[in-house]
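To keep things clear, I will list the structure first and then write my remarks on it.
Nothing in this text is a laboratory measurement; each read-out follows from the coordinates by a stated rule. All values derive from a computational prediction rather than experimental measurement. Here the Cβ positions follow ideal geometry from the backbone for every residue, glycine too, while neighbour counts run over all protein chains shown.
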Amino acid sequence: MGEDFNKAAGLPKDFKIHKSTLDEIERAAENDPIVLVHKEYLGVDKYYTNIDMAETIRQYYNLFSNALSQSFPNDKTSFSEADINSMPKGYSVSGFYNGYGIFKHPDSVRNDDISIKFLADYSDAFISNVYKTQEQFNEASDIIFDSGGLIKGIKPETFGLSLEEIKNVSKGEDCEFKPDMSVYPQNEDGSYSKEALFMSFLKSQGGRILYSHNTTFDPKVASYNRAMAKESFSGPGIDIDNIMTGKSDFKSFFRYWAERGIAEGELYMYENNIPKESALGNWALDAEIKQALANGWKAKPSTINSYADSIMDRLNNLLGQTRV
């Protein structure tokens, strides 16, 4: 692509993104399994009538650059295997919107458009946590699971910035984003270009189309999406920023949902001093928990409070190590 596209997409002048990559983004978007079902149901050949590729690339590149800047200067353009292996194990993102729940855009008009188009908006997204070790990465995942999925904003992602992922960018199912990496060859010294890393980043995000007012759909698709948006909702969740600033009280929030069935299995094990490690593949324990719930078991209020406190202790410890 030329300078005009780079300028529109916010890319450096000398950044080389190949047209085949943009074609592949469109191909993957039109062949997404859910999109294929909708196209067949609605009787349309094309889901999108226009895709604002520059805006999609701009949003992705800003987040990609933000991730790389945690480890390297912004003007670094080639990366050795040692460079890549030295990078963090993962990152978490704040400031993105999908139109629902805690991920609503503050501009109601824009939010309505986001929700109707069912496209994520990364225009304000940024790296909020850096997980330098595998232990930190795993702990973030565990906290999300142990909280019943209620804590949002700490989900760890690799962003495709591991050596294994970079080497396998072109592999995958037919419906997946698989850019032609022959146009982003390794350098003579075996290092990888910034463009190659960006392709792996795009791969990790599925090469999905991101929100733009200028991205449009077949009229039948637009009408269908508008109807579906009225029926869509997101599950319960509390944003990490609101927890840490005191705007939201996790303990009260968790207690409310725990009383309605969230994290029942975890609370049962906690109340009965059963280590989490013993649950993996333990069918007898699984049957025991199901039977207890069927018999009307409910966690004690003191158990719920203590469990929520333990989650917060772990969360504070993790954020103290990883918050940007």
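Where the centroid of each part is defined by its Cα atoms, how far is the stretch 107-142 from the stretch 1-59 in Å?
For the stretch 107-142 versus the stretch 1-59, the Cα centre distance is 20 Å.
Which entries of Lys155/Lys290; Lys16/Lys39; Lys46/Lys152; Lys16/Lys178; Lys152/Lys290 show an alpha-carbon separation above 23 angstrom in the structure shown?
Violating the 23 Å limit, Cα to Cα: Lys155/Lys290; Lys16/Lys39; Lys46/Lys152; Lys152/Lys290.
Per DSSP helix of 4 or more residues, -39500 (n - 2.57); summed, then divided by the residues of the chain. What does that give at 222 nm, rounded to the nearest 500?
Only helices count here, giving -14500 deg cm²/dmol.
Can you compute the equivalent ellipsoid semi-axes for the stretch 212-283, i.e. the square root of 5 times each eigenvalue of the Cα gyration tensor, sorted largest first and rounded to whole Å?
Each semi-axis is √(5λ); the values are 39, 20, 12 Å.
Quick check: the distance between the Cα centres of the stretch 247-312 and the stretch 209-223, to the nearest angstrom?
42 Å
Within the stretch 41-130, report the trypsin sites (Lys or Arg not before Pro) that DSSP leaves as loop and that have at most 15 other Cβ atoms within 10 Å.
Sparse-neighbourhood loop trypsin sites (Lys or Arg not before Pro): Lys46, Lys76.
What is the log10 of I(q)/I(0) for the stretch 1-153, computed with the Debye formula using one identical point scatterer on each Cα and no solvent, at q = 0.08, 0.16, 0.20, 0.21 Å⁻¹?
-0.32, -1.20, -1.36, -1.37
If you average 1/r over all unlike Cα pairs in the chain and invert the result, what Kirkwood radius do you get in angstrom?
Hydrodynamic radius (Kirkwood, Cα pairs) of the chain is 22.0 Å.
Taking every pair of alpha-carbon atoms in the stretch 241-322, give the share separated by more than 18 Å as a whole percent.
That tail contains 48 percent of the Cα-Cα pairs.
Cross-link candidates for Lys104: which aspartates and glutamates have Cα within less than 15 Å, leaving aside residues fewer than 8 places away along the same chain?
Asp112, Asp113, Asp121, Asp124, Asp239, Asp241
Give, as a single signed number, the net charge of other residues whose beta carbon lies under 13 Å from the beta carbon of Ile166, with Lys and Arg counted +1 and Asp and Glu -1.
-1
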